[in-house]
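The values are calculated or read from the model by the stated rules, or taken from the named source; none is laboratory data. This is a predicted model, so every value here is computed, not measured. As a convention, Cβ positions derive from the backbone with ideal geometry for all residues, glycine included, and neighbour counts pool all protein chains shown.
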Amino acid sequence: MSATRDRLLAWIDGERAAMVEFLQAFVRCRTPNPPGDTRAAVALISAFLDRHRLPYRTIAPNPEMPNVVGSFEGGKPGRHLVLNGHIDVFPVANDGDGWSRDPWGGEIVDGVLYGRGVADMKCGTTASIMTYMLLHRIKDELGGKLTLTAVSDEETFGPWGARYLMEHHPEVHGDCCLNGEPSGLETVRFGERGPLWVEFSVRTPGTHGAYTHASKSASKIALALAAELEELTRLESRLGDNIQTAIDDGRAAMDRAMGAGAGDLVSRVTLNIGTIHGGAKVNMVPSHCTFEADFRMPCGMTKADLLPRIEAIAARHPEVTMRVTGYTDPTWCDPHHEMMGIIQKTVQSLDRPAPTPILSLGGTDARLWRAIGVPAYVYGPSPNSMGSVDETVAIEDFLHVVRTHVRAAHAYLTRS
Ligand SMILES: [Zn+2]
């Protein structure tokens, strides 16, 4: 068995240049979402899979947002592992202003690869593709089944990617899911909070700016309401002992991975006012103001818990109407599952400290597997640069993520 594991690592070492070139080419395929057109990147992935004679098909309910799904059986019966990663990335703001390198150039400088989406999550999706490619070479030695899902339409919780596959293609559900979204090499994510997005609209008659006695101001009401909603960030949720202990034990690791204060937020509601628009002119009392709030619900809380509290605060202002524009409930799975142990041991065998189980503050497609009871774990590169200028992944970190996914998938498919 260990001879096979060594052979897998030797293949990764021997083919590292080709793997790095693939990641560079992947970054150069522009896949910002919006608009979410991923066809160029899907062509790259398809060409790679064709070159290695690997089975796959594309499933494209939206022709501009295809998904790549591949699957093969091992030599004996066993469990079904699903590899999941997304192809679309955040857009580049202001034409790349502030970047020190071309955000779509895939340049490597001092051992670090620059590019929009390299951390979130072309590094992790490449790890999934390489895992699929290398394990196919030894498929007769494996038990069970391995499935690759490289999907579009993730960044906006869209309907055409993983959500479509989960609803229409139960063959991608599997027994366990491994995902390479950015987690930081020191942590493995076993759950995530859930977003609840609400748009608030304030309407008043409005009037001349000097006649403040004649109409309430829609923007002043909006500002007051936004401040009152902050009350909700005092709400906390706690889960059963077993899971809560893992969450509490992970707080220090969350601070290290995401910055001081991150661990403190994990069991709380957070509120971001993402947009605010109101008024027409400085010397008019505004007749309308609209703002969008992004609440994040901790594990153990649902929309049914939080929404009535939001409605009660909004109801203090009769001029306000509100509507929910998106939500997903928080998801989590067993922090002591076999796959968690496999990832931790694998990372240790690669001479790094065992990663700590934590919850994610943001959202990933892994939630879709957890939501139907399939445990799903996230292990990928540092999240620190994702979505910002100069998004980067160190080449050595990329190769470490590839090694971890390959060995963890191999371990899972060779145990019974
Ligand atoms: Zn992502």
Quiz item: Taking into account only those residues within the stretch 104-134 that are assigned to a loop (DSSP other than H, G, I, E, B) and either free of Cβ contacts under 8 Å to residues at least 24 places away in the same chain or more than 16 Å from the ligand (Cβ to nearest atom) (or both), which is surrounded by the fewest Cβ atoms within 10 Å (Cβ to Cβ)?
Solution: ASP110
Quiz item: So, in the stretch 349-365, of the ones that are surrounded by fewer than 24 Cβ atoms within 10 Å (Cβ to Cβ) and within 16 Å of the ligand (Cβ to nearest atom), which residue ends up modelled with the highest pLDDT?
Solution: GLY363
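Quick grid of which residues meet (1) out of contact with any Asp or Glu (no Cβ under 9 Å at 6 or more places or on another chain); (2) of a type in the set (S, T, N, Q); (3) on the phi < 0 side of the Ramachandran plot:
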| position | (1), (2), (3) |
| --- | --- |
| THR4 | no, yes, yes |
| LEU8 | yes, no, yes |
| GLU15 | yes, no, yes |
| PRO35 | no, no, yes |
| ARG39 | no, no, yes |
| ALA43 | yes, no, yes |
| LEU49 | yes, no, yes |
| LEU54 | yes, no, yes |
Quiz item: Within the group LEU49, LEU54, LEU81, which residue is within 21 Å of the chain's Cα centre (by Cα) and away from the ligand (no atom under 16 Å from the Cβ)?
Solution: LEU81
Quiz item: Within the set of pairs 6 or more residues apart or between chains, which connect a residue that is on the phi < 0 side of the Ramachandran plot inside the stretch 135-158 to a residue that is in a strand (DSSP E or B) and among the small types (Gly, Ala, Ser) with Cβ atoms less than 6 Å apart?
Solution: GLY143/GLY78; THR147/SER71; LEU148/GLY70; ALA150/GLY85
Quiz item: Of all the residues that make up the stretch 304-332, how many are closer than 27 Å to VAL378 by Cα, part of a loop (DSSP other than H, G, I, E, B) and either basic (Lys, Arg) or touching a helix residue (DSSP H, G or I) at 6+ places or on another chain (Cβ under 7 Å) (or both)?
Solution: 2
Quiz item: Within the stretch 206-228, is there a residue that is closer than 30 Å to PRO381 by Cβ, surrounded by fewer than 18 Cβ atoms within 10 Å (Cβ to Cβ) and either out of contact with any Cys (no Cβ under 6 Å at 6 or more places or on another chain) or aromatic (Phe, Trp, Tyr) (or both)?
Solution: no
Quiz item: So which pairs qualify, if the first residue must be in the stretch 281-302 and within 11 Å of LEU196 (Cβ to Cβ), the second must be of a type in the set (Asp, Glu), the Cβ gap must be under 8 Å, and the two must be at least 6 apart or on different chains?
Solution: ALA293/GLU199; MET297/ASP305; MET297/ASP329; THR302/ASP329
Quiz item: Looking at the stretch 159-205, what strands (runs of 3 or more DSSP E) fall wholly within it and have at least 1 residues that are hydroxyl-bearing (Ser, Thr, Tyr)?
Solution: 187-192, 194-203
Self-check item: Given (1) out of contact with any Gly (no Cβ under 9 Å at 6 or more places or on another chain); (2) surrounded by fewer than 22 Cβ atoms within 10 Å (Cβ to Cβ); (3) more than 21 Å from VAL378 (Cα to Cα), index of the condition SER71 fails
Solution: (3)
Quiz prompt | Filter result for GLY341 (within 25 Å of LEU142 (Cα to Cα), out of contact with any Leu (no Cβ under 7 Å at 6 or more places or on another chain) and free of Cβ contacts under 8 Å to residues at least 40 places away in the same chain) | solution = yes
